[in-house]
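Q: Sending over a structure as structure tokens; questions will come in a sec.
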Amino acid sequence: MGVIGYGLGVIGAGLAIGLAAFGATSAMARQPEVQGRAFTVFILASAFTEALGLIGFVVTLIS
Amino acid sequence: MKQINRATVAAAISSFVLAVPAQAFAEESSNKAEILIPKMAEFIPALIAFLIIWVVLAKFAWPQILSMMDERGKRIQESLDEAETTKKKAIASRKEYDELVTDARRKSADIVLEARKDAEAERARIIEAAHKEAEDIIAKAHANAEDERNAIYAAAAASIADLSVSVASKIVGETLDQDGEQRRLIERYVKEAGSLNA
Amino acid sequence: MDAFAKLPDAIAELVAEFSSTPVVGNLNVGLTQYSLWLLIAGVVLLAVIFAFVKKQSLAPKGFFVNGVEWVIEYVEDDIAKGVVGSNWRQHFPFLATLFFFILINNFIGLVPGMKPGTGAIGCTAAVALVSFIYFLYFGVKKHGLFGYLKSLAPAGVSFPMNIFVWVIEVFSLLLRLVTLAVRLFCNMFAGHIVMGSFAIMASIFAQPLLAHFSAMNAVGALPSVAWVLILLIIYAVELIVAFVQAYVFTVLSAVYIQIAEADAH
């Protein structure tokens, strides 16, 4: 059961990282001069999102 | 141990979960989370190792590396500045040279112009002198010719007068007075005739 | 299919290999295989950095010096200057050590037969704890203990709400420690499990062919070609992940330091 729950939870995290990547790539395409900053922000956003997925992973293992 | 393993695999790769769902669910148990509990045997050495590496690198490595990088940046900046000043200097001296060259060129043009003017004047003067001389020579020649002609006329008039006197005395039969009234008459006549012919 | 039947047991064996087992002493006092590789990675790191310091010159020459220089400059410009800001010089030693320590550990783990020092929660928790205490220390140093605790709650929130927000902020502060450790551990652990699984699948499918050559076994071994291809692709991805995780850990630490030292929250 936990595994199924984790799979469901990861859908959200996956969508979120995809959205972050979408935003970052379109920002870079529109303004290539802010590439470095956009990349850092993207990595940060992905890291925060990933944290949610990882919490799901941990909860799966613990429950 | 096996239970944990099953669970982790299940979480990590869902494709295998599909292959072994029965076992994974059957072997769920409470010590699954064990893999997420830090073990002291890993925690303490990692902590000590990291702290030691941090202190050692912060003391002996990073300051040198940073100062080397700063030094390099400074050097690059310096050489850039130097190149800039050299370039400026080169541009300035180039301008100076350009000015010099323009000046010299202008001066030489002036000189040439002046020389040409001088030459022109000289030439005019020489031509003028030559003209004058030629005119003088011609005038002198004319005067000479006039004198000569006058002399010749005079001589011719005298001889004609003598001849006429002698012819007339032969015809008249009497000697006309050589230096008398007749001779002056003839001479006047010849002169009139010469001036008419002349 | 015979091979599929063998798979669960083989993978269980693989995962058992991945759980911490003591090499010296026991799980409380001693060294597990992960801490052993972590110490080896530490020695490699020191060797690499000091070799670099020795070889570094005003005009960098050679692949090694240029490569290390590029990475150091990346950490300096992108993380230290880009995130921490004006007082990056103070934090650069910590951030650079953090980055190179994690990077070397991750790459050591990618060599077949070696384990990543960051592949056990104990090791990543230690590094995360150091980072956690580091940014707390600088926050307290900047604002004072009470001032730092107060700066956790955003200014401009009215009385009853700001206590609630403060509790949430403190909770998320503590969560940073957990997420830092768990993120790095999970990425390394899951990546190695996946790579190991594909390696095992390739060998299981090829085994009958090696034992007894026949047309039937040859057809059965065909999938292992695909597994090896996938393994190579995942290996390439893991090379990127090793770098990205070191970067993420360092950037997050830098961000936490920057937030802790920020003037107005």
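The values are calculated or read from the model by the stated rules, or taken from the named source; none is laboratory data. Remember, predicted model here, so these are calculated numbers, not experimental data. Methodologically, a virtual Cβ is constructed for each residue, glycine included, from the backbone with ideal geometry; neighbour enumeration extends over all protein chains shown. Each accessible area value is taken on the protein alone, full model and side chains, heavy atoms only, with ligands, DNA and RNA left out. Shrake-Rupley method; radii C 1.70, N 1.55, O 1.52, S 1.80 Å.
Q: Mind listing just one residue for me: the one in segment C:27-40 that is open to solvent by less than 50 Å² (accessible area, probe 1.4 Å) and in a helix (DSSP H, G or I) and, of those, nearest to residue C:119 (Cα to Cα)?
A: C:34
Q: If you check residue B:151 against the conditions, is it part of a helix (DSSP H, G or I) and loosely packed, with under 12 Cβ neighbours inside 10 Å? Lay out the reasoning, then the answer.
A: Working: part of a helix (DSSP H, G or I): yes; loosely packed, with under 12 Cβ neighbours inside 10 Å: yes.
Yes, satisfied.
Q: From the list A:42, A:48, exactly one residue is modelled with pLDDT under 80 and within 30 Å of residue C:81 (Cβ to Cβ). Which is it?
A: From the options A:42, A:48, the qualifying one is A:48.
Listed here are the residues, each with its yes/no results for (1) assigned to a helix (DSSP H, G or I); (2) more than 14 Å from chain C (Cβ to nearest Cβ); (3) in contact with a Ser or Thr (Cβ under 9 Å, 6 or more places away or on another chain).
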residue: A:8; (1), (2), (3): yes, yes, no
residue: A:21; (1), (2), (3): yes, no, yes
residue: A:28; (1), (2), (3): yes, yes, no
residue: A:36; (1), (2), (3): yes, no, no
residue: A:39; (1), (2), (3): yes, no, no
residue: A:54; (1), (2), (3): yes, no, yes
residue: A:57; (1), (2), (3): yes, no, no
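Q: So residue C:178 passes all but one of these: (1) under 30 Å from residue B:35 (Cβ atoms); (2) at pLDDT 90 or above; (3) out of contact with any Phe, Trp or Tyr (no Cβ under 9 Å at 6 or more places or on another chain). Which condition number does it fail?
A: It fails just one condition, (2).
Q: Give me a count of the residues in segment C:144-156 that are open to solvent by 50 Å² or more (accessible area, probe 1.4 Å) and not small (Gly, Ala, Ser). Lay out the reasoning, then the answer.
A: As a first pass, look at segment C:144-156 and keep what is open to solvent by 50 Å² or more (accessible area, probe 1.4 Å): C:145-146, C:149-150, C:155-156.
This time we only want the ones that are not small (Gly, Ala, Ser), so: C:145-146, C:149-150.
Count: 4.
Q: While we're looking at this one, here's another question. Sort through B:143, B:151, B:119 and tell me the only one that's at pLDDT 90 or above and under 60 Å from the mean Cα position of the chain (by Cα).
A: The match here is B:119.
Q: Still on this model: What are the residues in segment B:159-175 that are under 18 Å from residue B:187 (Cα atoms), of a type in the set (Gly, Ala, Ser) and free of Cβ contacts under 8 Å to residues at least 12 places away in the same chain, if any?
A: Across segment B:159-175, the qualifying residues are B:159, B:166, B:169.
Q: Among the candidates B:124, B:104, B:109, single out the residue that is over 22 Å from the mean Cα position of the chain (by Cα) and either on the phi > 0 side of the Ramachandran plot or free of Cβ contacts under 8 Å to residues at least 40 places away in the same chain (or both).
A: After ruling out the rest, the residue left standing is B:124.
Q: Another question, if that's okay. Looking at (1) within 20 Å of the chain's Cα centre (by Cα); (2) surrounded by fewer than 19 Cβ atoms within 10 Å (Cβ to Cβ); (3) in contact (Cβ under 8 Å) with a residue 12 or more places away in the chain, which is the only condition residue C:14 fails?
A: (1)
Q: Return only the number of the condition from (1) over 17 Å from the mean Cα position of the chain (by Cα); (2) within 19 Å of residue B:36 (Cβ to Cβ); (3) facing chain B (nearest Cβ under 7 Å) that residue C:21 does not satisfy.
A: Unmet for residue C:21, out of (1) over 17 Å from the mean Cα position of the chain (by Cα); (2) within 19 Å of residue B:36 (Cβ to Cβ); (3) facing chain B (nearest Cβ under 7 Å): (3).
Q: Just wondering, is there one or more residues in segment B:38-52 that are in a helix (DSSP H, G or I), modelled with pLDDT of 90 or more and either more than 21 Å from residue C:38 (Cα to Cα) or β-branched (Val, Ile, Thr) (or both)?
A: Among the residues of segment B:38-52, at least one is in a helix (DSSP H, G or I), modelled with pLDDT of 90 or more and either more than 21 Å from residue C:38 (Cα to Cα) or β-branched (Val, Ile, Thr) (or both), which makes the answer yes.
Q: Okay, moving on. Kindly check whether there is at least one residue in segment C:57-64 that is at pLDDT 75 or above, out of contact with any helix residue (DSSP H, G or I) (no Cβ under 9 Å at 6 or more places or on another chain) and either part of a helix (DSSP H, G or I) or hydrophobic (A, V, I, L, M, F, W, C) (or both).
A: Yes - at least one qualifying residue is present in segment C:57-64.
Q: May I ask you to say which residue of B:93, B:79 is among the small types (Gly, Ala, Ser), part of a helix (DSSP H, G or I) and open to solvent by 60 Å² or more (accessible area, probe 1.4 Å)?
A: Answer to the selection: B:79.
Q: Does residue C:237 satisfy the condition of being in a helix (DSSP H, G or I), at pLDDT 85 or above and surrounded by fewer than 17 Cβ atoms within 10 Å (Cβ to Cβ)?
A: Here the answer is yes, as residue C:237 does meet what is asked.
Q: Pairs please, first residue from segment C:110-121 and more than 9 Å from chain B (Cβ to nearest Cβ) and under 19 Å from residue C:186 (Cβ atoms), second anywhere and in a loop (DSSP other than H, G, I, E, B) and open to solvent by less than 10 Å² (accessible area, probe 1.4 Å), Cβ atoms under 9 Å, 6+ apart in sequence or on different chains.
A: Close Cβ pairs (under 9 Å, with a partner that is in a loop (DSSP other than H, G, I, E, B) and open to solvent by less than 10 Å² (accessible area, probe 1.4 Å)) amount to C:110/C:116.
Q: Identify the residue in segment C:158-200 that is among the hydroxyl-bearing types (Ser, Thr, Tyr) and within 14 Å of chain A (Cβ to nearest Cβ) and, among all such residues, is least open to solvent (accessible area, probe 1.4 Å).
A: C:179
Q: Checking the condition closer than 14 Å to residue B:42 by Cα, crowded, with 19+ Cβ neighbours inside 10 Å and in contact with a Phe, Trp or Tyr (Cβ under 7 Å, 6 or more places away or on another chain), which residue from C:97, C:124 passes?
A: Details: C:97 fails: closer than 14 Å to residue B:42 by Cα.
After applying the criteria, what remains is C:124.
Q: Within segment B:154-198, restricting attention to residues that are β-branched (Val, Ile, Thr) and open to solvent by less than 100 Å² (accessible area, probe 1.4 Å), which residue is modelled with the lowest pLDDT?
A: Ranking the candidates gives B:172 first.
Q: Quick one: what pairs do we get from segment C:180-204, first residue farther than 30 Å from residue C:135 by Cα, second charged (D, E, K, R), C-beta under 7 Å, 6+ apart or different chains?
A: C:195/C:238; C:204/C:6
Q: Hey, another quick one. So which of C:24, C:43 is out of contact with any helix residue (DSSP H, G or I) (no Cβ under 6 Å at 6 or more places or on another chain), surrounded by fewer than 15 Cβ atoms within 10 Å (Cβ to Cβ) and part of a strand (DSSP E or B)?
A: C:24
Q: Based on what the data block shows, is residue A:28 over 17 Å from the mean Cα position of the chain (by Cα) and open to solvent by less than 50 Å² (accessible area, probe 1.4 Å)?
A: Criteria met by residue A:28.
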